[in-house]
1. Evaluate Rg over Rh across the range 213-300, taking Cα atoms for both radii and Kirkwood's formula for Rh.
2. For the range 272-297 and the range 215-239, what is the centre-to-centre distance using only Cα atoms, to the nearest Å?
3. Quick one: angle between helix 237-249 and the longest Cα principal axis of the chain, in degrees between 0 and 90, rounded to 10, please.
4. From the gyration tensor of the Cα coordinates in the range 149-300, what semi-axes in whole Å does the equivalent ellipsoid have, largest first, with each one equal to sqrt(5λ)?
5. In what order do 18, 63 fall by count of nearby beta-carbon atoms within 10 Å, going from fewest to most?
6. Sort 104, 181 by Cβ crowding within 10 Å, fewest neighbours at the top.
7. Please report, to two decimal places, log10 I(q)/I(0) for the range 128-206 at q = 0.13, 0.21 Å⁻¹ as given by the Debye formula with identical point scatterers on the Cα atoms and no solvent.
8. So what are the three principal axis dimensions of the chain from its Cα atoms, in whole Å, longest to shortest?
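Just so it is clear, none of the values below were taken in a lab; they were calculated from the coordinates. Computed from a predicted model, the values in this text were never measured in an experiment. So basically every Cβ, Gly included, is an ideal-geometry build from the backbone, and we count neighbours across all protein chains shown.
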Ligand SMILES: C[S@@+](CC[C@H](N)C(=O)[O-])C[C@H]1O[C@@H](n2cnc3c(N)ncnc32)[C@H](O)[C@@H]1O
């Protein structure tokens with residue numbers, strides 16, 4: 001089985017506008033598809049540092065060459081690892097957010113609602129908090145907020161209330177426990193569409209994905225060279241909104257911040273007016289690419 005099929009591969013590597021002797025960072029190594037193509041464009045003076053928080057991605061690494069290093073860390077710490085190597089600024093940074101196919105298909109990791117496995121969902125298996133902990137230990141209001149903010153679930157209060165009610169008689173451990181509760185709540189078989197929203201919301205909370213993304217994006221400002229490229233692929237609207245505002249307006253709000261003199265605080269210019277999305281052919285070949293959006297910023 002293939003570890004992962006890279007999404008928007010040529011478009012994202014073109015977006016990095018690679019200089020053969022430059023230094024680049026791939027923040028989400030996964031199966032290494034994007035890293036491989038970056039390395040093909042570098043000469044022996046060029047360097048690539050890749051990161052992944054998941055030890056399975058590190059163990060699976062198919063690349064071995066002198067100008068490449070793979071680091072097992074959350075990407076929000078990328079600057080510390082580079083500093084340790086005496087590197088302060090790089091020519092390009094790529095992040096292909098979310099989960100790899102390996103993580104989704106490996107049912108024991110608990111990311112998928114298919115099959116009956118423990119509700120885990122940790123990308124880094126060393127962190128303590130799992131999906132099971134959230135579903136059983138978070139209070140009703142916190143559950144409601146997660147479902148609403150990260151899953152865009154409209155009746156989040158009602159769902160949270162019911163999860164809290166049902167878990168008092170039986171701990172929610174596996175997919176089947178959760179689905180049993182949802183079937184009772186709706187009085188019919190819960191839809192896959194709802195399950196994917198619910199699982200997305202819980203996964204984002206387990207992995208603290210929004211805070212990691214924000215921290216990482218803020219750090220790119222100080223660690224990209226002038227004209228360095230920031231290339232981000234996102235898969236859902238919560239991530240994309242942050243990436244869009246960051247690249248277009250240099251902060252996480254829909255408008256620029258102003259300095260003391262009323263001047264716009266601007267760090268990036270966007271390279272494409274609209275995000276790039278996969279072609280019809282790519283989606284047909286790889287349906288998991290369907291929600292991808294690629295945004296490219298250039299440091300100014
Ligand atoms: C969509 S996959 C990347 C696929 C990769 N571009 C390829 O072509 O194979 C996302 C990867 O990023 C990793 N990841 C997600 N969030 C991360 C974070 N905050 N820090 C480091 N790695 C992260 C996941 O473990 C996963 O392996």
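1. 1.03
2. 18 Å
3. 30 degrees
4. 38, 20, 13
5. In order of increasing Cβ crowding within 10 Å: 63, 18.
6. Listed from fewest to most nearby Cβ atoms, that is 104, 181.
7. -0.32, -0.92
8. Principal-axis extents of the chain (Cα, largest first): 61, 52, 41 Å.
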